[in-house]
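Participant: Sharing a structure with you now.
The values are calculated or read from the model by the stated rules, or taken from the named source; none is laboratory data. Keep in mind that what you see is a predicted model, and the values were worked out from it rather than measured. Positions of Cβ are backbone-derived with ideal geometry, glycine not excepted, and every protein chain shown enters the neighbour counts. Accessible surface is based on the protein model in full, side chains and every heavy atom, while ligands, DNA and RNA are left aside. Shrake-Rupley method; radii C 1.70, N 1.55, O 1.52, S 1.80 Å.
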Amino acid sequence: MRARTLRATSTDAERLLWSRLRGRRFGGLKFRRQHPIGPFFADFACVEAKLIIEVDGGQHYEADVQRSDATRSHELQCRGYDVLRFSNREVLGEVDGVLTRVLAWLRISGNRPSPRPSPACGRG
């Protein structure tokens, strides 16, 4: 239910990026929008590549929100995901550049499943 609400209230930047990721249009990979991972909802998640893409609005430049984002990213990394963050401005102004950076990450990562989380994430 929460994911549905988040999808219905998505930003222009999220809608633009989704138009390029949906339906396996990007590298043949399946991305999900507002995908639940533990207590979090990832803006975009590719479970196959263990990649989360977050699109952040202006409030994400505030110190307390940045701390919260860092904690959230760490928790998602502990669950085996890598997190790429882009601002609304980046997505709206240069969506092709954003996608090029995502593609570069996929090439570097080899589009491989992430190894088990490190003990630093509370498991081990």
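Participant: Looking at ARG79, is it surrounded by fewer than 17 Cβ atoms within 10 Å (Cβ to Cβ) and more than 19 Å from GLU14 (Cβ to Cβ)?
Facilitator: So ARG79 passes the test.
Participant: Looking only at the stretch 8-59, count how many residues are aromatic (Phe, Trp, Tyr) and open to solvent by less than 30 Å² (accessible area, probe 1.4 Å).
Facilitator: Matching residues across the stretch 8-59 total 3.
Participant: Given the criteria open to solvent by 80 Å² or more (accessible area, probe 1.4 Å) and assigned to a helix (DSSP H, G or I), does ARG72 qualify?
Facilitator: no
Participant: What number of residues within the stretch 75-111 are polar (S, T, N, Q) and part of a helix (DSSP H, G or I)?
Facilitator: Selection size over the stretch 75-111: 4.
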